[in-house]
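Beneath this line is the structure, given in structure tokens, with notes to follow.
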Amino acid sequence: MTDRTEERTFAALPPEPGRGFAQTWWGRAWLKALEDAALDSGQVKTGRRLARAGAVGAVSVRPGRITAVVQDRDRTAHRADVLLQELPEEHWDRFLDMAAERAGHIAALLDRDMPPHLVEDAAAAGVDLLPALGDLEAECDCGAWDHCGHTAALCYQMARLLDEDPFVLLLMRGRGERRLLDELQELTSAPARESPVTGREGVDAAEAYAAQNILPPLPALPELPDEPGRPPSLDMETMPAPGVDPTGVEFLAAAAAGQAYRLLAEALASGHGQRAVEAELTLGQDAVRLAADGPEKAITQRLAEGSGRDREELQLAICAWRYGGVAALSVLEDEWAVEAVSPTRARAALESAWDEDERPRLRAAGNRWTTDGASAQLRLGRDGRWWPYRKERGRWAPAGPAAKDPATALATAEGNPMNG
């Protein structure tokens with residue numbers, strides 16, 4: 001049963017205008033639960049300003065709840081409470097058993113540290129220590145039904161307390177430091193329970209392999225989320241460190257989430273294990289992949305410069321990427337001699353694509369065949385597919401996806417302008 005008499009009170013912290021909140025990863029996880037769930041981001045920003053200005057009074061922490069008096073800018077005081085569900089007894093039993101088996105977890109907590117593997121091991125045991133989306137409930141006498149500036153300020157102040165002592169989070173979950181350590185001490189000092197004596201220990205390896213069904217079936221694959229995760233906001237109302245571009249970092253974080261989502265979708269698709277592993281992208285290819293997501297103009301310009309392209313060259317590369325990824329980008333930027341690889345196959349494809357009286361006049365140069373009017377072009381990829389190109393503003397631009405035969409590709413080139 002939860003000890004309702006256990007409570008800790010922390011004195012009000014002084015204003016720190018230039019200080020960021022949540023220096024530890026678990027403190028940032030606490031704030032993420034607030035920022036992701038708050039319906040009004042303006043209230044979150046107000047709370048951040050209040051906390052930074054020292055408007056949060058002494059913070060009382062007890063199982064399931066934290067409380068403080070928060071003053072508005074006009075000095076009006078409000079009682080703010082933030083609630084977090086306590087862990088049930090069976091979850092604490094599993095957590096204690098897990099921690100007792102790993103001395104490093106206890107040592108880390110005593111050092112006021114909460115390493116990721118402690119939280120991961122707890123989660124594997126079915127115990128969620130850190131709050132998730134929607135876990136932090138707000139109560140305030142200002143009358144707000146969701147997080148207001150006062151409860152948000154309390155959450156930001158709580159993040160600073162969590163940085164100093166992760167036992168504060170465990171107290172909210174229902175166990176104070178003293179009780180938790182006493183229970184761990186009792187578990188680790190208890191004599192090991194003797195296993196019942198049997199005629200033999202374990203199972204012979206050959207026998208287990210022959211049985212085949214000695215292990216339980218693998219769990220079902222997780223379901224694919226509806227969309228990629230959202231990276232946290234970097235709006236900290238302070239100047240970033242020299243050389244740090246918050247807009248660029250936010251873009252990269254969102255791009256990484258999107259790429260992770262794509263990889264997960266492919267991994268969960270049938271037949272994934274039989275597919276070849278994709279080659280790692282070069283810096284130039286990766287810049288085009290990122291630019292294809294449509295970032296802000298300033299970021300697009302940086303990607304162009306970083307990949308050694310001018311703005312128009314990057315737009316052509318983006319167009320090619322959208323039609324066919326790495327293969328299409330290679331056809332755009334690389335010219336190679338067909339004579340050294342597959343001249344017979346290319347010649348046969350060109351001769352069989354049209355009837356004798358319909359065959360267009362094409363001038364060959366490397367892996368490229370240009371029509372007499374120089375308005376359309378075919379490019380042969382190294383995989384044997386034909387790519388349509390069209391003259392746009394003095395440059396050859398991709399006109400569509402690849403085709404297996406040159407006639408289809410040329411028809412696309414002569415009918416479609418660049419779509420980028």
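The values are calculated or read from the model by the stated rules, or taken from the named source; none is laboratory data. Here the structure is a predicted model, which is why all the values come from computation and not from measurement. Every residue, glycine among them, receives a Cβ derived from its backbone with ideal geometry; neighbour counts consider all protein chains shown. For accessibility, only protein heavy atoms count, side chains too; no ligands or nucleic acids. Shrake-Rupley method; radii C 1.70, N 1.55, O 1.52, S 1.80 Å.
Considering only residues that are closer than 23 Å to Gly176 by Cα and in a loop (DSSP other than H, G, I, E, B), look in segment 29-58 and name the one that is least open to solvent (accessible area, probe 1.4 Å).
Among those that are closer than 23 Å to Gly176 by Cα and in a loop (DSSP other than H, G, I, E, B), it is Gly57.
When you scan segment 350-365, do you find a residue that is assigned to a loop (DSSP other than H, G, I, E, B), hydrophobic (A, V, I, L, M, F, W, C) and surrounded by fewer than 18 Cβ atoms within 10 Å (Cβ to Cβ), even just one? Spell out how you get there, then give the answer.
First, the residues of segment 350-365 that are assigned to a loop (DSSP other than H, G, I, E, B): 354-361.
Those left that are additionally hydrophobic (A, V, I, L, M, F, W, C): 354.
Adding the requirement that they be surrounded by fewer than 18 Cβ atoms within 10 Å (Cβ to Cβ) leaves 354.
Looking through segment 350-365, at least one residue is assigned to a loop (DSSP other than H, G, I, E, B), hydrophobic (A, V, I, L, M, F, W, C) and surrounded by fewer than 18 Cβ atoms within 10 Å (Cβ to Cβ).
Run down Arg160, Arg94 and say which single residue is open to solvent by less than 20 Å² (accessible area, probe 1.4 Å) and touching a residue at least 12 places away in the same chain (Cβ under 8 Å).
Checking each option against the conditions leaves just Arg160.
If you scan segment 163-182, which residues turn out to be open to solvent by 10 Å² or more (accessible area, probe 1.4 Å) and within 13 Å of Arg62 (Cα to Cα)?
Arg173, Glu177 - these are the residues of segment 163-182 that are open to solvent by 10 Å² or more (accessible area, probe 1.4 Å) and within 13 Å of Arg62 (Cα to Cα).
Please indicate, with yes or no, whether at least one residue in segment 386-404 is within 18 Å of Glu339 (Cα to Cα) and either basic (Lys, Arg) or open to solvent by 60 Å² or more (accessible area, probe 1.4 Å) (or both).
no
Among the residues in segment 313-320, are any in a helix (DSSP H, G or I), open to solvent by less than 40 Å² (accessible area, probe 1.4 Å), modelled with pLDDT under 90 and among the hydrophobic types (A, V, I, L, M, F, W, C)?
The answer is no; no qualifying residue exists.
In segment 71-112, which residue that is modelled with pLDDT under 85 and in contact with a Phe, Trp or Tyr (Cβ under 9 Å, 6 or more places away or on another chain) is farthest from Leu162 (Cα to Cα)?
Leu109
Among the residues of segment 272-287, what is the count of those that are within 9 Å of Val326 (Cβ to Cβ) and not in a loop (DSSP other than H, G, I, E, B)?
Qualifying residue count for the region: 1.
Only one of these conditions is not met by Glu250: (1) on the phi < 0 side of the Ramachandran plot; (2) touching a residue at least 24 places away in the same chain (Cβ under 8 Å). Which number is it?
It is condition (2) that Glu250 fails.
Taking Ala12 as meeting all but one of (1) assigned to a strand (DSSP E or B); (2) aliphatic (A, V, I, L, M); (3) open to solvent by 20 Å² or more (accessible area, probe 1.4 Å), write down the number of the exception.
The single condition Ala12 does not satisfy is (1).
Give me the helices (runs of 4 or more DSSP H) completely within segment 103-196, filtered to those with at least 3 residues that are under 31 Å from the mean Cα position of the chain (by Cα) and among the small types (Gly, Ala, Ser), ordered by residue number.
103-110, 116-124, 149-164
Working only within segment 321-335, note down all residues that are open to solvent by 30 Å² or more (accessible area, probe 1.4 Å) and of a type in the set (Val, Ile, Thr).
Val326
Looking only at segment 128-143, which residues are within 16 Å of Thr67 (Cβ to Cβ) and either surrounded by fewer than 24 Cβ atoms within 10 Å (Cβ to Cβ) or at pLDDT below 90 (or both)?
Glu137, Ala138, Glu139, Cys140, Asp141, Cys142
Name every residue in segment 59-81 that is buried (at least 22 other Cβ atoms within 10 Å of the Cβ) and closer than 15 Å to Asp141 by Cα, in order of residue number.
The answer is Ile66, Ala68, Val70, Ala80.
Working carefully through the options Val288, Val338, find the one that is surrounded by 15 or more Cβ atoms within 10 Å (Cβ to Cβ) and in contact with a Gly (Cβ under 7 Å, 6 or more places away or on another chain).
Val338
Let me confirm something: among Val69, Val61, which residue is assigned to a strand (DSSP E or B), touching a residue at least 60 places away in the same chain (Cβ under 8 Å) and β-branched (Val, Ile, Thr)? Please lay out each step first, then the result.
Numbers: Val69 fails: touching a residue at least 60 places away in the same chain (Cβ under 8 Å).
Residue meeting the stated conditions: Val61.
Open to solvent by less than 60 Å² (accessible area, probe 1.4 Å), at pLDDT below 80 and over 30 Å from Leu314 (Cβ atoms) - does that describe any residue in segment 222-234?
For segment 222-234, residues open to solvent by less than 60 Å² (accessible area, probe 1.4 Å), at pLDDT below 80 and over 30 Å from Leu314 (Cβ atoms): absent.
Out of segment 366-377, which residues are part of a strand (DSSP E or B) and either modelled with pLDDT of 95 or more or at positive phi (or both)?
Within segment 366-377, none qualify.
Filter segment 113-127 down to the residues that are open to solvent by less than 80 Å² (accessible area, probe 1.4 Å) and among the acidic types (Asp, Glu), then identify the one that is modelled with the lowest pLDDT.
Asp113
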